[in-house]
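The values are calculated or read from the model by the stated rules, or taken from the named source; none is laboratory data. On a predicted model such as this, the values are computed, not experimentally measured, just so you know. For neighbour counting, all protein chains shown are included, and Cβ atoms are generated from backbone atoms with ideal geometry for every residue, glycine included. In case anyone asks, the SASA skips ligands and DNA or RNA and just uses the protein heavy atoms, side chains included. Shrake-Rupley method; radii C 1.70, N 1.55, O 1.52, S 1.80 Å.
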Amino acid sequence: MLANLGLLAGLVLLIVMALRGVNILIAALVSSLLVTVTNGLGISPALLEHFPFGPLGAFSFAGKFFVLFLTGAVFGKMMASSGAAGSIASAITRGLGAKHTILITMLVCALLTYGGVVVFVVIFTMYPLGVALMREANLPKRLFCGATALGAGTFTMTALPGTPSIHNVIAASALGTDLFAGALIGLTAAVVMFVVGMVYLERQWTRARAAGEGYSVNAQDEYMESMAPALQHGPKWQLSILPLVLVLGTIILPRLLVALGLADNQTAMIGELISFANAEPIIWPSIALVIGAASCVVLFADFRKKAMESMGAGANDAIMPLLNTAAVIGFGSVVTQTEGFSAFAQWVLNLPLPPLLSVFASVSVVSAIVGSGSGGLQIFMQTFAENYLSMGVDPEELHRIATLGSGGIDSLPHCGAVIAMLTIMGLKHKEAYKDIFVVTVAIPVLATLVAIGMASLI
């Protein structure tokens, strides 16, 4: 009884500390200690083995995915520092007009994240540009926040095939699939997230206008607006988009050659490259991101002098997102050592549900516990995946449904990405979380259920 209460108390403590702004590294460690003591795991094994170095340990995860986080952050920083990301955003704004600010925000964030720019960099890039848009369109900041969350943290993260997101890579690495696994299922879910999310946000904006609610400046805005790049000297948008095309093209090319029947693993010269790309779901997208970063240096002459500085800044930007994700995985690693978690795992597996619904339930709950989609997915792949494969679940379907499921209930109030977004924009949970919840929790859950129905029909 004490053990289960301690497990619940550890989770509640993690959520409360995160909501109060306590550093997630400290919150994860303190919560792990509470679970350890109440479950009799032993402090030394928990802190020196399970939390850092077990199969689900914080540093086991950080070591495995370090290269991907690093290359993604460096590429994102180069796109931002060169003005390329801002140029793309400006071009879309000119094309659509400020009255479509929600759509503009969502499209820019989606394009950047699908192109390999990490979420935190996208938020920092889009928000300074968004201040002027919000002011001109009189858009409430909570809806700008919701549009950013929809574009950067939903369908490009879990649903679209080929995305180099950490979620997609975790699933491919664990199951031996590739980044395009379950493509039709993923596209279906992406359409649901995009359409329903946009309908919700636009309807909320209509209601806000009717109620007299509009843009309200806060202390963050002038500082963040001053960070927007000087676009009059930046690259043209046609040139700016080429690095994104290169990243996605590099990821897609081996799969495309095979799909079109132009090459396979036995083809002279490129057969080994195709085999390598299909067998390396972490290294291959990392190489694509390196190519994208290198292209920024080649394409943007004014950027070359500060390229090394930008690369160093990008490397620094990689550290905290990696450590924050690793910390919640370390907490999850301690949790998985308890009898309560073992009982939960057996309970989920024995539920009278179709296998794919069971997959959704288990990965959703684990992601909610640790407040991280990537953390929950990593734990799921280590502790549940083999059971579902033994039930006969197709690996590609398991890849896509588990990835989709991890990107729903993970975005509870203690989610690190949610806290970071609100902090950057100077908002509190009571001001903006309702809209974030709808577009990053409720709608992705709906989309996943639709995708499960699609998978069942197929």
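If you average 1/r across every pair of different Cα atoms in the stretch 124-215 and take the reciprocal, what Kirkwood value do you get, in Å?
Working: mean 1/r = 0.0674 Å⁻¹.
Every distinct Cα pair counted, the radius reaches 14.8 Å.
Write down Rg/Rh for the stretch 295-386, rounded to two decimals, with Rg from the C-alpha atoms and Rh from the Kirkwood relation over Cα pairs. Don't skip to the answer; put the middle values down first.
Numbers: Rg = 19.9 Å, Rh = 15.7 Å.
Checking Rg against Rh, the ratio lands at 1.26.
How charged is the neighbourhood of Ser81? Take every other residue with its Cβ under 15 Å from the Cβ of Ser81, and add Lys/Arg as +1 and Asp/Glu as -1. Present the calculation step by step, with values, prior to reporting the outcome.
Numbers: positive: Lys77, Arg304, Lys305, Lys306; negative: Asp302, Glu309, Asp317.
Result for the neighbourhood of Ser81: +1.
Calculate, for Lys236 and Asn138, the FRET efficiency according to 1/(1 + (r/R0)^6) with r their C-beta to C-beta distance and R0 30 Å; round to the nearest 0.05.
Details: r = 30 Å, r/R0 = 0.99.
Plugging the Cβ-Cβ distance into 1/(1 + (r/R0)^6) gives 0.50.
Treating the beta-carbon of each Lys and Arg as +1 and of each Asp and Glu as -1, no other charges, what is the dipole magnitude of the chain about its Cα centre, to the nearest 20 debye? If you can, show how the numbers build up before the last one.
Numbers: 20 positive and 22 negative charges, 234 e Å.
Dipole size: approximately 1120 debye.
Among Ala190, Leu257, Phe300, flag the residue with its Cα farthest along the positive direction of the charge dipole of the chain, charges on Cβ as +1 for Lys/Arg and -1 for Asp/Glu.
Checked the options; the winner is Phe300.
Quick one: plug the Kirkwood hydrodynamic radius of the chain (C-alpha pairs) into Stokes-Einstein at 10 °C, 1.306 mPa s, and report D in µm²/s.
Working: Rh = 22.4 Å.
Stokes-Einstein gives a translational diffusion coefficient of 71 µm²/s.
For the stretch 1-153, report the accessible area per residue in Å² (1.4 Å probe, heavy atoms, rounded to an integer).
Details: 5540 Å² over 153 residues.
That works out to 36 Å² per residue.
Distance check, please: which entries in Lys236/Lys428; Lys64/Lys434; Lys236/Lys306; Lys306/Lys428; Lys77/Lys430; Lys99/Lys434 exceed 25 angstrom between their Cα atoms? Walk me through the intermediate numbers first.
Values: Lys236/Lys428 36 Å; Lys64/Lys434 35 Å; Lys236/Lys306 19 Å; Lys306/Lys428 36 Å; Lys77/Lys430 31 Å; Lys99/Lys434 23 Å.
Lys236/Lys428; Lys64/Lys434; Lys306/Lys428; Lys77/Lys430, as the Cα separations exceed 25 Å there.
Can you give the local net charge around Pro254? Use residues other than it whose beta-carbon is closer than 12 angstrom to its beta-carbon, Lys and Arg +1, Asp and Glu -1. Before the final figure, lay out each step's value.
Working: positive: Arg255; negative: Asp178, Asp264, Glu272, Glu280.
So the surrounding residues net to -3.
Just name one of Ile92, Thr71, Ile43: the one whose Cα is farthest towards the positive end of the charge dipole of the stretch 21-174 (beta-carbon charges, Lys/Arg +1, Asp/Glu -1).
Going by the charge dipole, the pick is Ile92.
Report the equivalent ellipsoid semi-axes for the stretch 167-217 in whole Å, largest first, defined as the square roots of five times the eigenvalues of the gyration tensor built from alpha carbon atoms. Please report the intermediate quantities before stating the final value.
On the way: eigenvalues 289, 36, 5 Å².
Those come to 38, 13, 5 Å.
For Ser275, Ser44, what's the largest-to-smallest order of accessible area, 1.4 Å probe?
On the way: Ser275 45, Ser44 70 Å².
Largest accessible area first, the list is Ser44, Ser275.
Can you give me the distance in nm between label points at Asp264 and Ala313, each placed 7 Å from the Cα along the Cα-to-Cβ direction?
4.9
Can you tell me the dipole magnitude for the stretch 1-144 around its Cα centre, using point charges on the Cβ only (Lys, Arg +1; Asp, Glu -1), in Debye to the nearest 20?
Using Cβ point charges on Lys, Arg, Asp and Glu, the stretch 1-144 gives about 480 debye.
Hey, any idea what % of the chain's accessible area is carbon plus sulfur with a 1.4 Å probe? Numbers along the way, then the final one.
Values: 12460 of 18690 Å².
Answer for the chain: carbon and sulfur cover 67 percent of the accessible area.
Check cross-link reach from Lys141 to the aspartates and glutamates: straight Cα distance under 15 Å, and skip same-chain residues fewer than eight apart.
Within the straight-line cut-off, Lys141 pairs with Glu202, Glu213, Asp221, Glu222, Glu225, Glu431, Asp435.
From the convex hull of the Cα coordinates of the stretch 320-458, what is the mean projected area in square nanometres?
Values: hull surface 35.0 nm².
Over all viewing directions, the stretch 320-458 projects a mean Cα-hull area of 8.8 nm².
So for the chain, taking the charge dipole from beta-carbon charges (+1 Lys/Arg, -1 Asp/Glu), which of Gly176, Leu19, Ala385 sits furthest toward the positive end?
So the residue furthest toward the plus end is Leu19.
How much FRET efficiency would the formula 1/(1 + (r/R0)^6) give for Ala301 and Phe276, where r is the Cβ-Cβ distance and R0 is 25 Å, rounded to 0.05?
On the way: r = 33 Å, r/R0 = 1.32.
E(calc), rounded to 0.05, equals 0.15.
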